[in-house]
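> Once you've had a glance at the structure underneath, I'll fire off some questions.
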Amino acid sequence: MRLRAEEISFKYNNNDKYILEDIDFSIESGEVVGLLAPSGYGKTTLAKILAGYEKPTSGQVVLEGCESRNNGYAPVQLIFQHPEKAVNPKWKMRKILSEAGMPPQELIDAMGIKESWMDRWPTELSGGELQRFCCIRVLSEQTKFIIADEMTTMLDAITQAQIWNVVLTYAKKHNIGVVVISHDACLINKVCDRVVSLTGDKRDVISPHIETNQISASC
Amino acid sequence: MMEQVERIQVPQGPLFKFGVREKAIIAIGLFATVFIVILIAGSLIPEDSLDVDLYNIFASPSLAHPFGTDWVGTDMLLRTITGLYLSMKIGIFCAVTSAIIAVLLGIAGPIFGGKIDYVISWLVDLVLSVPHTLVIILVSIACGGGLTGIVIGVTVTHWTSLTRVIRAEVMQVKEMEYTKISRKFGKSKLFIAREHVFPHVIPQLVVGTVLIFPHAILHEASITFLGFGLPPHEPAIGVILSESMKYLTSGKWWLAFFPGASLVLVSMMVENIGRNIEKIINQKTAYM
Ligand SMILES: Nc1ncnc2c1ncn2[C@@H]1O[C@H](COP(=O)(O)OP(=O)(O)OP(=O)(O)O)[C@@H](O)[C@H]1O
Ligand SMILES: [Mg+2]
């Protein structure tokens, strides 16, 4: 199975400047691809387009090898940058966790989610604790691709490692493709098979085959 | 360095701050109690206590009859409470039916979008552009007068502004990431409306419902006063008022004054409850 973006251009309708121009991108099942760009380059925008939250102004996103379904569980799931916006503040954590079905207990334990968090409101958890919930929600048999938009940017190294460990192990086991969006080259170097950069000679254009080891030797 | 460190202090406020929030809670408690007392008193007054007492007709307010007596000697205080009780029942009923319509249409519009939202917005604009009293009179006459006519009339004219408020709130919640994520989990629009959106509109719903009540009872009284509402044998405030018009010129002021003032007081009280709930919910003003 392959998730492919073909010549995607995008602008938010009210202003005339293109945020993304003629982007080509593709990822295979089971692959872990890094998407690297500094802040404000349109990473989140591209992530939303790939996951179907926004329609590209031109170009298209296709999921090859999967019959399209309009309703039901989406095969491409996005983990948002800000977990506090991705959970309903009027819901208790237990309900948030099980919205797409209760994950198995060993996954909950591996993610480090404590039973005592379950009866709290989202405002009573830290960002890192919340993000664990948001990550575990997309770890489902029906998920084919995960787009992780700065998933662990605001977390410390140990928590970051723990969460990525769980997500990548699950992805490997179920042959899920993962797009790792970050401005942190170290993280991308560690976890990705392949890296794509939104910056370059021509801004906004991804050259899909920059190899990981070229990017940063500083980590 | 040490001096600087020592000077840093956590500001110490009084342990219990008597702010807008506390005042609001006290006001709500007080007025709600009065409201409930009137309701209970009204339901306890037996029909035969509204007796004819021909030795005591047109007695002006006194200790025995604080609100005076009418043309057949019935105590006006009892008549007023019975009238308020009826008005309040109608008011509660109208407020609840209007609120149900408002919450259904206010959520359905943005959630289903497209033509449905267009039609609902159009209906709101249409109803808002027609004078209330006129519609209530027409509906009341069309329904043959009486309770049903008034309830339907008030309901069809009073669901609109709350629908607008709820619709605006739903539009915001609909754009939130968690509702969009819910769609990607394959959740239905009905699930999203019920589980994600509804909890967010409860505050507006409560305030809106309470604020419809004063409108409802004042409309009911005025329509009844004009003779298009409740029939003359009902113990309604509107009936008392129109009856008292006959005696007003001969100086029997208490016949109209006390029932009218009570009705206005009750509606102001409930308006005040609504405004205070609003203050408590709106955290920005709560501690000013
Ligand atoms: N809803 C919106 N309407 C208009 N412009 C927007 C909107 N969202 C983002 N933008 C603009 O699009 C550009 C790209 O934003 P985006 O959020 O995709 O950047 P990013 O690469 O994810 O940045 P960061 O690393 O800070 O998350 C920014 O210049 C931003 O101002
Ligand atoms: Mg971003």
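The values are calculated or read from the model by the stated rules, or taken from the named source; none is laboratory data. If you're wondering where the values come from, they're calculated on a predicted model, not measured in any experiment. Positions of Cβ are generated from backbone atoms using ideal geometry, with glycine treated the same way; all protein chains shown enter the neighbour counts. What goes into the accessible areas is simple: the full protein's heavy atoms, side chains included, and nothing from ligands, DNA or RNA. Shrake-Rupley method; radii C 1.70, N 1.55, O 1.52, S 1.80 Å.
> Nearest 100 Å² is fine: how much accessible area is buried between A and B, summed over both sides, with a 1.4 Å probe?
The A and B chains share an interface burying roughly 1700 Å².
> Have a look at B:144, B:153, B:251 and tell me which one the Gaussian network model of chain B (Cα, springs below 10 Å) gives the largest fluctuation.
So, out of B:144, B:153, B:251, the one fluctuating most is B:251.
> Report, in whole Å, the centroid distance computed from the Cα atoms of region B:185-227 and region B:241-285.
Distance between centres, Cα-based: 22 Å.
> Summing Lys, Arg as +1 and Asp, Glu as -1, what charge do residues with Cβ under 12 Å from the Cβ of residue A:28 carry, residue A:28 excluded?
On the way: positive: A:2, A:4, A:144, A:194; negative: A:31, A:64, A:193.
Its environment carries a net charge of +1.
> Follow-up question, since we're still on this one. Quick one: pull the percent of accessible area on region B:101-256 belonging to carbon and sulfur, 1.4 Å probe, ligands and nucleic acids left out.
Details: 4990 of 7090 Å².
The computed percentage sits at 70.
> When each pair of different Cα atoms in the protein assembly as shown is counted once in the 1/r mean, what is the Kirkwood radius in angstroms, to one decimal? Working shown, then result.
Working: mean 1/r = 0.0358 Å⁻¹.
By the Kirkwood definition, the hydrodynamic radius is 28.0 Å.
> State, as an integer percentage, the relative contact order of chain B based on alpha-carbon contacts under 8 Å between residues 6 or more apart. Kindly include the intermediate steps, with their values, before the conclusion.
Details: 370 pairs, mean separation 71.9, N = 288.
Over chain B, the number comes to 25 percent.
> Leaving out same-chain residues fewer than 8 places away, which lysines sit with a Cα under 19 Å from that of residue B:184?
Residue B:184 reaches A:48, A:55, A:85, A:95, A:144, B:174.
> Once you order the gyration tensor axes a ≥ b ≥ c over the Cα atoms, which shape class does chain B get: rounded for a/c under 1.5, otherwise prolate or oblate by comparing a/b with b/c?
Details: a/c = 3.18, a/b = 1.45, b/c = 2.20.
Oblate is the answer for chain B, as a/c is 1.5 or above yet b/c matches or exceeds a/b.
> Kindly report the accessible area of chain B per residue (heavy atoms of protein chains, probe 1.4 Å, no ligands, DNA or RNA), in Å².
Numbers: 15500 Å² over 288 residues.
It amounts to 54 Å² per residue over chain B.
> Starting from region A:103-156, pick out the trypsin sites (Lys or Arg not before Pro) whose DSSP state is loop and whose Cβ has at most 14 other Cβ atoms within 10 Å.
Working: sites: A:114, A:120, A:132, A:137, A:144; in loops: A:114, A:120, A:144.
Sites meeting the loop and neighbour criteria: A:114, A:120.
> HN-Hα J couplings of region A:9-15 from phi, Karplus 6.51/-1.76/1.60, θ = phi - 60°, integer Hz, Gly and Pro as x?
Each residue of region A:9-15 in turn: 10, 8, 9, 6, 3, 6, 10 Hz.
> Give the angle, between 0 and 90 degrees and rounded to the nearest 10, that separates the Cα long axis of helix A:157-173 from the longest principal axis of the Cα atoms of chain A.
80 degrees
> If you don't mind, there's one more thing I want to ask. Taking Cα atoms, how many degrees apart are the long axis of helix B:146-158 and the longest axis of chain B, rounded to 10 and kept between 0 and 90?
Orientation of helix B:146-158: about 30 degrees from the principal axis.
> Using DSSP to call loops (not H, G, I, E or B), can you name the chymotrypsin sites (Phe, Trp or Tyr not before Pro) in region B:53-111 whose Cβ has at most 16 other Cβ atoms within 10 angstrom?
On the way: sites: B:55, B:58, B:67, B:71, B:85, B:93; in loops: B:58, B:67, B:71.
Taking region B:53-111 and a limit of 16 other Cβ atoms within 10 Å, the loop chymotrypsin sites (Phe, Trp or Tyr not before Pro) found are B:58, B:71.
> I need the GluC sites (Glu not before Pro) found in region B:163-217, filtered to DSSP loop residues with at most 16 other beta carbons within 10 Å of theirs. Write out the running numbers ahead of the final one.
Values: sites: B:169, B:175, B:177, B:195; in loops: B:175.
Filter output for region B:163-217: B:175.
> Defining a contact as two alpha carbons under 8 Å apart and six or more residues distant in sequence, what relative contact order in percent does region A:2-208 show?
Details: 373 pairs, mean separation 65.7, N = 207.
Over region A:2-208, the number comes to 32 percent.
> Taking only protein heavy atoms and a 1.4 Å probe, what accessible area per residue, in Å², does region A:2-208 have with all protein chains in place? Show your work: numbers first, answer last.
Numbers: 9280 Å² over 207 residues.
That works out to 45 Å² per residue.
> To the nearest 20 debye, what is the magnitude of the charge dipole of the protein assembly as shown about its Cα centre, counting +1 on the Cβ of each Lys and Arg and -1 on the Cβ of each Asp and Glu? All intermediate terms of the calculation are to be shown ahead of the outcome.
On the way: 45 positive and 48 negative charges, 38 e Å.
Dipole size: approximately 180 debye.
> Now a separate question. Quickly estimate the mean residue ellipticity at 222 nm for chain A, helices only: each DSSP H run with n ≥ 4 gives -39500 (n - 2.57), and the total goes over all residues, rounded to 500. The partial results should precede the final answer.
Numbers: 7 runs with 58 residues, N = 219.
Per the formula, -7000 deg cm²/dmol.
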